[in-house]
1. Could you check the range 244-271 and list, in sequence order, the residues that are modelled with pLDDT of 80 or more, surrounded by fewer than 19 Cβ atoms within 10 Å (Cβ to Cβ) and more than 14 Å from the chain's Cα centre (by Cα)?
2. Picking from Val72, Val53, which residue would you name as being surrounded by 15 or more Cβ atoms within 10 Å (Cβ to Cβ), under 23 Å from Ala112 (Cβ atoms), modelled with pLDDT of 90 or more and aliphatic (A, V, I, L, M)?
3. What tally of residues in the range 89-101 results from selecting those that are in contact with a Lys or Arg (Cβ under 6 Å, 6 or more places away or on another chain) and assigned to a loop (DSSP other than H, G, I, E, B)?
4. Please work out which one of (1) more than 29 Å from Lys238 (Cβ to Cβ); (2) touching a residue at least 60 places away in the same chain (Cβ under 8 Å); (3) not acidic (Asp, Glu) is the condition Cys344 fails and give its number.
5. Checking the condition within 19 Å of Gln230 (Cβ to Cβ), over 23 Å from the mean Cα position of the chain (by Cα) and surrounded by 14 or more Cβ atoms within 10 Å (Cβ to Cβ), which residue from Leu297, Leu309 passes?
6. Pick from Arg331, Arg322: which is assigned to a strand (DSSP E or B), among the basic types (Lys, Arg) and assigned by TED's automatic domain parsing to the domain that holds Gln230?
7. Of all residues in the range 132-152, which are of a type in the set (Ser, Thr, Tyr), in contact (Cβ under 8 Å) with a residue 60 or more places away in the chain and more than 14 Å from Gln162 (Cα to Cα)?
Amino acid sequence: MGNGAGPVCNAMRVLLRPPVSVARKLAHTLIFVAALALVGCAETGMRTAPFRVRPDAAGAGSLKGPFTGRVVDATTHAPIAGALVYAAWTLERGTGLAEPAGSREYVGSTDAGGNYKVPTVASVPAGTRVTDFTLLVYKRGYVAYRSDRRFSDLGARMDFAQTDNQVLLERWRNELSHSRHLRFVGAGTAVAALTQWELADASAELEGTRPSGEDLRPGRGEGPYVVAAQLLTEADIKARTKYDGTFETGPLSDEPDTATYSSQHFKALGRPETFDVAIRVWHLDPGKAQERYDELLSQLPGIQEKDELASRSFIASEQDIRGVGLLDGPRGVVVLLTCGTSQCSSQDDANALAAGIYNKLKSLVPVGFKTP
């Protein structure tokens with residue numbers, strides 16, 4: 001269980017063995033106490049929920065559920081009917097070295113009053129426990145809601161509650177980015193079907209065009225710009241590593257996307273972090289790009305300069321992570337790729353992914369283009 005409960009539970013199981021030299025009454029008492037302790041041991045494996053049970057209570061909720069709430073317009077507070085309600089649970093097993101045990105999901109919608117109810121997670125196999133829960137609420141014309149983070153700054157959401165939760169959906173504004181919104185929403189069959197209408201505008205943003213004459217890239221200025229999702233895709237990773245699982249994709253939580261920075265995290269669902277891949281991209285003036293590259297050289301562990309890609313490049317390693325960094329001086333672009341050792345079984349895998357990223361970069365950004 002990873003929290004010291006294992007030895008205690010083993011001791012409790014020893015107490016359940018038939019006593020030999022103690023009085024029958026005392027034996028029965030010990031058995032009863034031990035049985036209760038085992039029940040407690042079974043529950044200690046579940047991670048404490050990071051959210052409250054109710055908005056007005058300080059106690060932690062339950063990752064298993066059930067979950068209830070109401071979805072309303074953030075401005076008018078009118079109920080929003082027919083919004084997608086998508087819930088996902090992550091499972092794991094093991095008492096020492098825990099391992100993934102799959103996931104469960106629930107798909108529903110809000111009723112005429114904007115209410116939703118997500119039942120307790122079903123069909124959890126014996127010996128497994130719930131380690132994470134995420135709720136997504138999506139309605140066309142609104143900014144999506146996630147129980148774990150906010151869209152505005154990608155920071156952690158602290159106001160989610162298991163029951164009687166209130167979801168305030170903000171209306172979509174033209175200055176918002178569809179490509180960033182899709183990465184925030186994430187994957188899933190039901191989700192993909194409802195977000196398909198955003199794909200055209202998201203593609204237009206990535207190509208630097210302006211449908212309907214509107215600036216879809218506020219604050220980014222004229223001309224092409226670099227988005228991490230353009231340079232590395234799920235298909236690129238699987239083609240190299242032969243990974244047959246699925247990813248949840250979205251920006252990293254270290255800092256929000258800006259005119260000069262973009263990131264993409266490929267989180268392997270139901271797998272340890274060693275199956276994850278991430279890319280960070282900085283698009284700066286050439287002088288600033290050189291400074292950023294030099295900062296990475298001084299900050300990252302296990303650096304070996306190779307200069308095999310772009311103007312300069314290096315490889316790095318730390319425990320279960322392999323990394324590749326590159327500087328394209330003429331374009332003012334710095335890229336850092338990190339890949340878990342279960343995904344990139346050798347440094348060659350990471351190097352190949354970085355080479356593919358650089359090839360895309362050369363076709364997307366002309367030499368001499370200046371950032372806003």
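The values are calculated or read from the model by the stated rules, or taken from the named source; none is laboratory data. Values in this document were obtained by computation on a predicted structure and should not be read as measured data. Here the Cβ positions follow ideal geometry from the backbone for every residue, glycine too, while neighbour counts run over all protein chains shown.
1. Asp244, Gly245
2. One residue alone meets the criteria, Val72.
3. Adding up the residues that qualify gives 0.
4. Against the list (1) more than 29 Å from Lys238 (Cβ to Cβ); (2) touching a residue at least 60 places away in the same chain (Cβ under 8 Å); (3) not acidic (Asp, Glu), Cys344 comes up short only on (1).
5. Sole residue among the options that is within 19 Å of Gln230 (Cβ to Cβ), over 23 Å from the mean Cα position of the chain (by Cα) and surrounded by 14 or more Cβ atoms within 10 Å (Cβ to Cβ): Leu309.
6. Testing whether each residue is assigned to a strand (DSSP E or B), among the basic types (Lys, Arg) and assigned by TED's automatic domain parsing to the domain that holds Gln230 leaves just Arg322.
7. Tyr142, Tyr145
Conditions (1) touching an Asp or Glu at 6+ places or on another chain (Cβ under 7 Å); (2) within 19 Å of Thr260 (Cα to Cα); (3) not aromatic (Phe, Trp, Tyr), marked per residue:
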| site | (1), (2), (3) |
| --- | --- |
| His283 | no, yes, yes |
| Leu296 | no, yes, yes |
| Leu300 | no, no, yes |
| Asp328 | no, yes, yes |
| Val334 | no, yes, yes |
| Ser346 | no, no, yes |
| Gly356 | yes, no, yes |
| Ser363 | no, yes, yes |
